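The values are calculated or read from the model by the stated rules, or taken from the named source; none is laboratory data. Keep in mind it's a predicted model, so treat the numbers as computed, not measured. Using ideal geometry, Cβ is built from the backbone for each residue, glycine included, and neighbour counts are taken over all protein chains shown.
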Amino acid sequence: MKTNVNLLWVLAVFFAVVTAVYVVWSLVDPFHGRVEWAGTFMLGLSTILMAFVAFYLDKVHAAQGGELPEDRLDGNIDDGDPEMGFFSPWSWWPIFLAASTALLFLGLAVGYWISFIGVGLGLVALTGWVYEYYRGLFAR
């Protein structure tokens, strides 16, 4: 993970340099002569994104003790196999939730009225997914 952090910091510095070069280049351009804001913001936000992700991964890496089991040469496969949580293997609700999200984005692209249908179905699917273990065959 430390290699990933270093690569992301290198990318952040690279995007910062490219942003500066882009601004200077657009200023000295005889046809344009001013800052081109769309590209400047895109490159600046790319710099910030790389810095945020690198900072986050660096803090997570430090909180995990500095070296992950899969990074060690003497590590076993079982060392990096933690409990990830509980997942319902036969639940249909995530499929309905994905379909409602697809309808929501289709509505944003085609017609806003489809988004209302997607939001309604999404609320039903999210409620069903949250409460699926409170009713029926798998109630606890």
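Rundown of residues vs (1) aromatic (Phe, Trp, Tyr); (2) out of contact with any Leu (no Cβ under 7 Å at 6 or more places or on another chain); (3) part of a loop (DSSP other than H, G, I, E, B), yes/no style:
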{"residue": "GLU70", "(1), (2), (3)": "no, yes, no"}
{"residue": "LEU108", "(1), (2), (3)": "no, yes, no"}
{"residue": "LEU121", "(1), (2), (3)": "no, no, no"}
{"residue": "GLU132", "(1), (2), (3)": "no, yes, yes"}
What is the number of the single condition among (1) at pLDDT 90 or above; (2) surrounded by 12 or more Cβ atoms within 10 Å (Cβ to Cβ); (3) β-branched (Val, Ile, Thr); (4) under 30 Å from ALA12 (Cβ atoms) that THR101 does not meet? (4)
Considering only residues that are among the hydroxyl-bearing types (Ser, Thr, Tyr) and closer than 15 Å to MET1 by Cα, which ones fall in the range 56-97? TYR56
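The rows are residues; the columns are (1) touching a residue at least 40 places away in the same chain (Cβ under 8 Å); (2) farther than 30 Å from TYR133 by Cα; (3) in a loop (DSSP other than H, G, I, E, B).
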{"position": "THR3", "(1), (2), (3)": "no, yes, no"}
{"position": "PHE15", "(1), (2), (3)": "no, yes, no"}
{"position": "LEU45", "(1), (2), (3)": "no, yes, no"}
{"position": "PHE52", "(1), (2), (3)": "no, yes, no"}
{"position": "LEU57", "(1), (2), (3)": "yes, yes, no"}
{"position": "SER88", "(1), (2), (3)": "yes, no, yes"}
Does PHE96 fit the bill of being within 30 Å of TYR133 (Cβ to Cβ) and part of a helix (DSSP H, G or I)? yes
Name, by its number, the condition in (1) assigned to a loop (DSSP other than H, G, I, E, B); (2) loosely packed, with under 13 Cβ neighbours inside 10 Å; (3) over 24 Å from the mean Cα position of the chain (by Cα) that does not hold for GLY66. (3)
